[in-house]
Amino acid sequence: MKLKFIGFFTLCLLFSCNRDEQKDNTITFWSSNASQEILFTAYFADKWNENHSEKLESQPIPEGQSSEEVIMAAVVGRTTPDIYANMWQGLVEMYAKSGVLVPLDTIEGFTDFIRARSGEAVVKEITSADGHIYQIPWKINPFMTIYNEKKIAQLGLNTVPTTYSAYLKAGKDFSKDTDGDGYVDKWIGDTEVKNIWHQRLNNFYPLYLAASNGAPLIKDNKAVFNNEYAVGVFNFLQTIYREGYFAKESNTVGSDKFLAGHTATKWTGAWDVSYLERYKEDDFEYNIAHLPVPDDHRGVVYTYADPKNIVLFNTCKNPALAWEFIKTMIDESGDLKFLELSGQIPRRQQIKENEVFQEFLRENPKIIPFIDQSNFVYGTDNCEVLIEVLDIISQEYESCVIHNKKTPAKAIADATRAVDILLGNF
Amino acid sequence: MHVRPKKKRSIIPYLLVSPYLLFFLVFVAFPVLFSFFLTFHKWNIISPMEYSGMDNYTRMFNDRLFWKSLRNTLWFLVIHIPLQIIFALGLAVFLNSKIKFKGLFRSVFFLPVIVSGVVVTIMWQQLYGFNGGVINQLLNSIGLGRVGWLTNPAMSMPSIAIMATWKNVGLYIILFLVGLQAVPEHYYEAAEIDGASSWQKLWYITIPAINPTIFMVIILSTIGGFSLFIEPYVMTGGGPLNSSLSSVLYIYKQAFEFYHMGYAATLGFAFAFIILIIIVIQKKYIEKKY
Amino acid sequence: MKKALIYICLIVMAITFLYPFFWMIMASLTPEKLIGSLTFIPDSFTFDNYLAMFGKIPIGRALLNSMFVSSVITLGVILIGAMVGYALAKTRFMGRNFIFYLIIFTMTLPFQITLIPNYITIVKLGWVDQYTALIIPFLVNNFAILMFRQSFMSVPQALIDAARIDGCSELRIIFQVLFPSIIPTIVTVGILTFMTTWNEVLWPLIVVRDEMVMTMPQLVTLFSVGGRADAQLGVKLASAVLLALPIMIAYSFFQKYFIQSMASSGIK
């Protein structure tokens, strides 16, 4: 092994081209792909550059099937930026363990700032197994149901149904063949059917958290989701597909069904509000409710936070300086700007009571349900192999929910068994 | 006769082939050896390698997705190759007859060949759409009902096979045309005198004469089938129910979604080995037949 | 009668080959909400999709990248292919046959084995996100070498001997003296190499993540499966049309050469 790499280095010397050496004092920043976030980052980068000699260079994360894939490739290829602002919480543990992230709690004033902004519960949630904190809780996108008010009213309902049986009934009433070609062309809702692991974060996982009041999938390195909630979610979705209440086709085919009025509901995050505002027709009216839950559900409805956090990679030469920049983005005025530009919720406590945000909330009432929901969210479990866990669940999901090949009970049992094997429990 | 200074002669050829040798060492020899070495390890690149013995091999034999991707690829070939031969040969025969506008037709049929596979895939993914796709709209309007081209697990590979045929048939038409034009005219004349029908002429004269071309179509299509990647990657993500998971897509997923480098290397070896065996078998049986 | 049947078949097939292109181009010019009902000509035309696309992805840059990468590779392949092919055809040295068989063997080696280690090589050399990663692994092309070898073998030895007497170095012999006699081969190798490297997408997907370095097919692929398009179908189709355009334009001018090149490649 060593010999091979000695051989390599010889070749290296023969062939290496000059890489673009990062200008030493420039901080590199990758924002997410979403157009509004690109704008947001550019705004703060410009502001910073006006007042500081150390420049900040921001770019959107390179395109890929998922941003997780792209970041992994950057880590492997050692082309990571100093700051990355869209790190999915579920991935942090794996990167932290491999030593590529900066332990932020070692920066002076960091933990206090975070505690003041987001609260103690969040601080606990983001602390790694080794006691350090490797991420800054930045934003969440609580998953809720957005519905087309007119279409729901057509069913004789005041608001979208939020229990399984009511939702299924609405599905039955709404999913019809309206153009007489022999095929259903209106559906009560729609969600991605491809079995790629991260798609389950858009359907199974949020519904599971809602049904179970925020229960984990993995706890103490064991699979703990073999319960009535997971089975219930599988059953609910399986019924939907079996009866044809959702289309069995990938979302990448054709145009947006919700905007076109072919579907009446959508399970999505807060970011969708600004997306809808941008692309909708003038007479399109929508409203927000929490996710469907089992009929016998009690208590507040939780949901998936879809938490995206900011991390510093250990290629960063000046973490303290980078942290100074980040503070400008997540202090009160920064969070407000973020809300204004992107419609996503900063992971800040007591936004509704905060004076800074009052005017914005008055002018954007549609976001208030998401802000309320943001007090009852859960992120992801601390698990190094979370992606593979979700992949396992995805395979069972496709088999049971979309193609009716297994009962929900068996699918969940098979999934938990496979996950336990993956985690090394026999 | 002329004198060549011996010293000059001995170095120059080596200099000329040196790029090839360097390339071979770095991009062929080393990878094959390193790949083999990797199959006995677990590695995700950012952490150190872990020796794992035969674990990857055992895992592969028990991996239903490995076998599934293999079956998928074979299923693809079983549909694609006959389609390819029938259409390419048929159209070539038509183009070889006495008609006008040959050049125009040829150009049209060849167009998909030069365009990127990505374009073809994006195009067809929309055409194959279950609810909004043009093909289904057409079928439904003439009373045949819709087909789950990409949503029915049994149809996904055939749909990709049809698209692949559409994309490549132009190339094979050209190859067949070259072969057909080499068949001596008097063979056909003699057959006509004997009263042979068109079918008989086709079967007893044309096909044996272009057997080498048919053989080449089979080999090229086989290699192409095992290289299937961008089509399932864009169109279906390998689904539904992993029915369009091709061998290369599976390697890509293991290597670049989960970073199981050792396992991916093992898969690579296995598939490469299988391809070589299939080609050898094809060579033995098909070439011998004629 | 039979002829009419043949014409009908050919015309039907021709329509089958042209319609998907036609649909895609039309759809890219259609406003988003009307795409679902499009079969032939849209009710209204718009360039919005193209404008939106230019604002979302650096497609112009990707076009330049593809041109750059493909051109450099094509040039390299021709130069190196000619050099090695010449050495194999016209010179005698120990190991000549061995190298020839090595080349044939390598051609049969499926890329599945070498894909991952080559990726790791690129990582270790620090070439990730660099043009070198896209170019260097493709500079030596077995097929080109064999084609040049074949070509050179049929060149009369007398031509070479005469040049040697004149004192030409080997390189001058290859490029100044012999090249003019093998133009068809050069054109064939050139077109094939350019085309296949232009359309290559798996390798760039693996070694390049920086959008500024991506090739055009790669960018369009990622655009169609990723999130930047905001789920707008028209925009994705616009990018696909733009991807197809350069090659289609080149094809319309050089049809004959394209077809001939691929035909002779198959035969060899």
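Observations
- Condition check for C:V155 on (1) at pLDDT below 85; (2) under 25 Å from A:V75 (Cα atoms): one failure, at (2).
- Meets criteria (of a type in the set (A, V, I, L, M), within 11 Å of chain B (Cβ to nearest Cβ) and either buried (at least 17 other Cβ atoms within 10 Å of the Cβ) or within 19 Å of the chain's Cα centre (by Cα) (or both)) for C:I136: yes
- Boolean, C:M147 is over 20 Å from the mean Cα position of the chain (by Cα) and within 20 Å of C:F179 (Cβ to Cβ): no
- If the condition is being among the basic types (K, R) and farther than 30 Å from B:Y128 by Cβ, then the stretch B:166-220 contributes only B:K201.
- Screening A:V231, A:V253 for residues that are out of contact with any strand residue (DSSP E or B) (no Cβ under 9 Å at 6 or more places or on another chain), of a type outside the set (S, T, N, Q) and farther than 27 Å from A:S374 by Cα leaves exactly one candidate, A:V253.
A quick yes/no check of all residues on (1) β-branched (V, I, T); (2) within 16 Å of the chain's Cα centre (by Cα); (3) surrounded by fewer than 24 Cβ atoms within 10 Å (Cβ to Cβ):
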{"residue": "B:L171", "(1), (2), (3)": "no, yes, yes"}
{"residue": "B:K201", "(1), (2), (3)": "no, no, yes"}
{"residue": "B:F215", "(1), (2), (3)": "no, yes, yes"}
{"residue": "B:G224", "(1), (2), (3)": "no, yes, yes"}
{"residue": "B:M235", "(1), (2), (3)": "no, no, no"}
{"residue": "B:G238", "(1), (2), (3)": "no, no, no"}
{"residue": "B:S244", "(1), (2), (3)": "no, yes, no"}
{"residue": "B:Y250", "(1), (2), (3)": "no, no, no"}
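- Taken over the stretch B:146-200, the residue count meeting the criterion of being part of a loop (DSSP other than H, G, I, E, B), closer than 13 Å to B:V93 by Cα and within 11 Å of another protein chain (Cβ to nearest Cβ) is 1.
- Which listed residue is aromatic (F, W, Y) and away from chain C (no Cβ under 14 Å), from B:F76, B:F66, B:F94, B:F34: B:F76
- When C:E211, C:E200 are checked against the criterion of being more than 9 Å from chain A (Cβ to nearest Cβ) and of a type in the set (D, E), a single residue qualifies: C:E200.
- Selection within the stretch C:214-244: residues that are facing chain A (nearest Cβ under 9 Å) and outside any helix (DSSP H, G or I). The member of this set that is modelled with the highest pLDDT is C:M214.
- Candidate set: the stretch C:85-110, residues that are surrounded by 18 or more Cβ atoms within 10 Å (Cβ to Cβ) and within 25 Å of the chain's Cα centre (by Cα); chosen: the one nearest to C:I160 (Cα to Cα): C:Y86
- So B:I81, is it of a type in the set (A, V, I, L, M, F, W, C), touching a Ser or Thr at 6+ places or on another chain (Cβ under 6 Å), more than 11 Å from chain C (Cβ to nearest Cβ) and more than 30 Å from C:L233 (Cβ to Cβ): yes
- Exactly one residue out of A:A270, A:A289 is among the small types (G, A, S), closer than 27 Å to A:V401 by Cα and either within 14 Å of chain B (Cβ to nearest Cβ) or surrounded by fewer than 20 Cβ atoms within 10 Å (Cβ to Cβ) (or both), and it is A:A289.
- The condition (being among the small types (G, A, S) and either closer than 30 Å to B:A270 by Cβ or buried (at least 17 other Cβ atoms within 10 Å of the Cβ) (or both)) is satisfied by just one residue among B:G117, B:G143, B:G103: B:G117.
- Of the set (1) within 13 Å of chain C (Cβ to nearest Cβ); (2) farther than 30 Å from C:K3 by Cα, all apply to B:F110 but (2).
- Taken over the stretch A:311-368, the residue count meeting the criterion of being of a type in the set (S, T, N, Q) and in a helix (DSSP H, G or I) is 4.
- Meets criteria (touching a Cys at 6+ places or on another chain (Cβ under 9 Å), surrounded by fewer than 23 Cβ atoms within 10 Å (Cβ to Cβ) and either in the same structural domain as A:L339 (by TED's automatic domain parsing) or assigned to a loop (DSSP other than H, G, I, E, B) (or both)) for A:E93: yes
- In the stretch A:397-416, of all residues being free of Cβ contacts under 8 Å to residues at least 60 places away in the same chain and in a helix (DSSP H, G or I), the one that is nearest to the other protein chains (Cβ to nearest Cβ) corresponds to A:S399.
- Listing of helices (runs of 4 or more DSSP H) fully contained in the stretch A:117-215 that carry 1 or more residues being outside the structural domain of A:A289 (by TED's automatic domain parsing) and in contact (Cβ under 8 Å) with a residue 40 or more places away in the chain: A:120-126
Each row is one residue, and each column tells you yes or no for (1) under 23 Å from B:V118 (Cβ atoms); (2) facing another protein chain (nearest Cβ under 10 Å).
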| site | (1), (2) |
| --- | --- |
| B:N211 | no, no |
| B:L220 | yes, yes |
| B:G224 | yes, no |
| B:E231 | yes, no |
| B:Y252 | yes, yes |
| B:Y259 | no, yes |
| B:F273 | no, yes |
| B:I281 | no, no |
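- Of the residues making up the stretch A:53-83, those that are away from chain C (no Cβ under 13 Å) and either within 29 Å of C:W203 (Cβ to Cβ) or without any contact (Cβ under 8 Å) to a residue 40 or more places away in the chain (or both) are A:S53, A:K55, A:S58, A:D82.
- Of all residues in the stretch A:216-253 being more than 28 Å from B:T151 (Cβ to Cβ) and in a strand (DSSP E or B), the one that is nearest to the chain's Cα centre (by Cα): A:I218
- The listed residue being away from chain A (no Cβ under 12 Å) and free of Cβ contacts under 8 Å to residues at least 12 places away in the same chain, out of C:N141, C:N97, C:N118: C:N97
Residue-wise test of (1) in the same structural domain as A:A45 (by TED's automatic domain parsing); (2) over 22 Å from the mean Cα position of the chain (by Cα); (3) at pLDDT below 90; (4) within 24 Å of A:G90 (Cα to Cα).
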position	(1), (2), (3), (4)
A:P319	yes, yes, no, yes
A:L336	yes, no, no, no
A:E340	yes, no, yes, no
A:R362	yes, yes, no, no
A:P365	yes, yes, yes, no
A:E396	no, no, no, yes
A:I402	no, yes, no, no
A:A413	no, yes, no, yes
A:A418	no, yes, no, yes
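- Look at (1) assigned to a loop (DSSP other than H, G, I, E, B); (2) more than 13 Å from every other protein chain (Cβ to nearest Cβ) and you find that B:S243 fails only one, number (2).
- Among residues of the stretch B:114-125, those that are more than 7 Å from chain C (Cβ to nearest Cβ) and either touching a Ser or Thr at 6+ places or on another chain (Cβ under 9 Å) or at pLDDT below 90 (or both), counted: 2
The values are calculated or read from the model by the stated rules, or taken from the named source; none is laboratory data. These numbers come from a predicted model, not from an experiment. Heads up, the Cβs are rebuilt from the backbone with ideal geometry, glycines too, and the neighbour counts pull from every protein chain shown.
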